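Encoded as structure tokens, the structure appears first; notes follow it.
The values are calculated or read from the model by the stated rules, or taken from the named source; none is laboratory data. Quick caveat, the model's predicted, so the values are computed rather than measured. All Cβ positions, even for glycine, are placed from backbone atoms using ideal geometry, and neighbour counts span all protein chains on display. Quick note on the areas: whole protein, heavy atoms, side chains included, nothing else; ligands and nucleic acids left out. Shrake-Rupley method; radii C 1.70, N 1.55, O 1.52, S 1.80 Å.
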Amino acid sequence: MERWKGRVALVTGASVGIGAAVARALVQQGMRVVGCARNVDKIEKLAAECQSAGYSGTLIPYKCDLSNEEEILSMFSAIKTLHKGVDICINNAGLAHSEPLLSGKTEGWRNMIDVNVLALSICTREAYKSMKERNVDDGHIININSMGGHRMVPSADEHFYCATKYAVTALTEGIRQELREANTHIRATCISPGIVETEFAFRHHNSDPEKAAAVYESMKCLKAEDIASAVTFVLSAPPHVQIGDVQMRPVEQVS
């Protein structure tokens, strides 16, 4: 990780859960991390914690609604002005709504597509543009996917969400192929966790907290820090090594 010290990483959805853990891990490694979310209060608190802990990097909170392309473009413009550009892009932000395929609301479907698919694609495009403008040939794009992007969960509430994550699987491979065709050494990686104990289930099942709690009580789940460790593992691979897809799940998870 030594070569990443002082360089700039963007982490989307950095206020809680996996995003917060990844942001902390990269700051600890000496990076300048732009952490974005719709609400930056928790990121500001995390930035203060990182500073108090004496980490060699810096966490820069940035307020951005990833369902709004103009806000994403404005964020990349600000990063260019203040920090020259992005060297690593961690597309972590994602959400799920309980909207089945046969009865779900279009609004919920659209929101999942906007954040899980379009925001990821826009951030990837803008990050690559930033790297190319500065002749950065060793950048990295990491998409935080899901095991739901590789197999369909047998629950109607998850089906549309899984479809967006299948898209992330396809997009990551498409990005890898396009980067190769562009004769660049910028790499693309997909990290697909199983059940991770975060606020995700409580947001997903916001009208049924008992159902959300039961998800995490059913087994010894992954922790957000486990995913952050996977991110640093991927980033620390030798420049000639392409880690395409990391699938990780709790030992007790059935599928």
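At-a-glance table
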read-out: Length added when fully stretched, residue 125-residue 49, from 0.36 nm per residue minus Cα-Cα; value: 24.2 nm
read-out: Cys residues of the chain counted as unpaired, since no other Cys beta-carbon is under 4.7 Å; value: 50, 89, 123, 162, 190, 221
read-out: Region 216-248-region 190-204 distance, computed between alpha-carbon centres (Å); value: 13
read-out: Efficiency of FRET from Cβ geometry, residue 73 and residue 151, R₀ 30 Å, rounded to 0.05; value: 0.30
read-out: Reachable aspartates and glutamates from residue 211, criterion Cα separation under 18 angstrom, eight or more residues apart if same chain; value: 99, 157, 158, 197, 199
read-out: Coordinate range along principal axes, alpha carbons of region 1-113, Å, largest first; value: 51, 27, 25
read-out: Highest-MSF residue in the chain out of 62, 161, 216 [GNM, Cα springs under 10 Å]; value: 216
read-out: Carbon/sulfur fraction of accessible area - region 1-102, other protein chains in place, 1.4 Å, %; value: 49
read-out: Choice from 155, 77, 146 with maximal GNM fluctuation in the chain (Cα, 10 Å cutoff); value: 155
read-out: Top positive-direction residue, dipole computed over region 1-158 with Cβ charges, set 23, 103, 116; value: 23
read-out: Amide H contacts of residue 58 (H built 1.01 Å from N, under 5 Å, at least 5 apart or other chain); value: 31, 32, 33
read-out: Projected label distance in nm at residue 215 and residue 3, using a 7 Å step from Cα toward the beta-carbon; value: 3.7
read-out: Listed residue (43, 85, 253) projecting farthest to the positive dipole end of the chain, Cβ model; value: 85
read-out: Cα coordinate range in the chain, projected on the principal axes (Å, largest first); value: 47, 44, 37
read-out: Accessible area (Å², per residue) of region 15-69, counting only protein heavy atoms and a probe of 1.4 Å; value: 46
read-out: By accessible area with a 1.4 Å probe, ligands and nucleic acids excluded, highest first: order of 187, 134, 38; value: 38, 134, 187
read-out: Inter-centroid distance (Cα atoms) of region 111-184 relative to region 9-65, Å; value: 21
read-out: Per residue value of the accessible surface for region 86-154 (all protein chains in place, 1.4 Å probe), Å²; value: 42
read-out: Distance in nm between pseudo-label sites at residue 252 and residue 105 (7 Å out along the Cβ direction from Cα); value: 3.4
read-out: Cα-based Lys pair tally, region 1-106, threshold under 22 Å, eight or more apart or on separate chains; value: 6
read-out: Charge dipole magnitude, Cβ of K and R +1, D and E -1 - region 1-95, Cα centre, debye nearest 20; value: 320
